[in-house]
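**Student:** The structure that follows is given in the form of structure tokens.
The values are calculated or read from the model by the stated rules, or taken from the named source; none is laboratory data. Keep in mind the model is a prediction, meaning the values are calculated, not measured. Methodologically, a virtual Cβ is constructed for each residue, glycine included, from the backbone with ideal geometry; neighbour enumeration extends over all protein chains shown. These area figures cover heavy atoms from the full protein model, side chains too; ligands, DNA and RNA do not enter into them. Shrake-Rupley method; radii C 1.70, N 1.55, O 1.52, S 1.80 Å.
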Amino acid sequence: MKVWIKHQDPNNKYGAKFTLGDRDTLLPETAIISVTRGERFNIFRIIINGIVNEFVMKQLTKNEKLLYAELSGQLQGGIGQTVTVWKDGSSMNNFRTKGAHKFATQFFAWVFYGGKVQAYFLTWKISNQIPMDHEIEETIKKYGRHFDGGKLIRQAQKPPK
């Protein structure tokens, strides 16, 4: 059974990361990574995002095609980020369109698409290993679908390999 592990940020008492699975797992050629990042959440949006994530986290533990997942957040900056690594694209799409994740996207979209929130979404093919945290953040901010307060600023672009 997969179990979420909490990693407190030693430099920030208001930040933490939860991981599911082994980050150093061997990836198949078909592996993809999907990242959702929100910045500038106000305290109310942070709380709602955290509650919704509890349901999604439970759903992720039951998915056999999920290779690795991490959820991280920081109160300063109102940042929330979800990273999932899948055996293939159809596995991820199946997860996104069912259960808690489907419910979350339908009923809580306003968390990501309102106020001063900067939202980024990107899925791309990866090989060999899961990128480092700073590489993930750089990639999603540069190539991800970007919304500013719910207004589409840029469509997602395919990152270089």
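**Student:** Could you please let me know if L75 is closer than 29 Å to N11 by Cβ, modelled with pLDDT under 85 and not acidic (D, E)?
**Tutor:** Numbers: closer than 29 Å to N11 by Cβ: yes; modelled with pLDDT under 85: yes; not acidic (D, E): yes.
Yes; evaluated as a whole, the condition is true for this residue.
**Student:** Still on this structure: Please specify each residue of region 1-25 satisfying the condition of being of a type in the set (A, V, I, L, M, F, W, C) and either loosely packed, with under 13 Cβ neighbours inside 10 Å or over 15 Å from G80 (Cβ atoms) (or both).
**Tutor:** Once the filter is applied, which keeps residues that are of a type in the set (A, V, I, L, M, F, W, C) and either loosely packed, with under 13 Cβ neighbours inside 10 Å or over 15 Å from G80 (Cβ atoms) (or both), region 1-25 yields M1, V3, W4, I5, L20.
**Student:** Out of everything in region 37-72 that is of a type in the set (S, T, Y) and touching an Asp or Glu at 6+ places or on another chain (Cβ under 9 Å), what residue ends up being modelled with the lowest pLDDT?
**Tutor:** S72
**Student:** Just give me the residues in region 136-161 being under 21 Å from E29 (Cβ atoms), modelled with pLDDT under 95 and either open to solvent by less than 80 Å² (accessible area, probe 1.4 Å) or aliphatic (A, V, I, L, M) (or both), in sequence order.
**Tutor:** The answer is P159, and nothing else.
**Student:** Next question. Could you go through region 2-16 and let me know if any residue there is touching a residue at least 12 places away in the same chain (Cβ under 8 Å), under 26 Å from A156 (Cα atoms) and part of a strand (DSSP E or B).
**Tutor:** Looking through region 2-16, none of the residues is touching a residue at least 12 places away in the same chain (Cβ under 8 Å), under 26 Å from A156 (Cα atoms) and part of a strand (DSSP E or B).
Let's see how each residue does on (1) in contact (Cβ under 8 Å) with a residue 60 or more places away in the chain; (2) under 15 Å from the mean Cα position of the chain (by Cα):
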| site | (1), (2) |
| --- | --- |
| G50 | no, yes |
| E70 | no, yes |
| G73 | no, yes |
| G77 | no, no |
| T82 | no, yes |
| G99 | no, no |
| F103 | no, no |
| F112 | yes, yes |
| A119 | yes, yes |
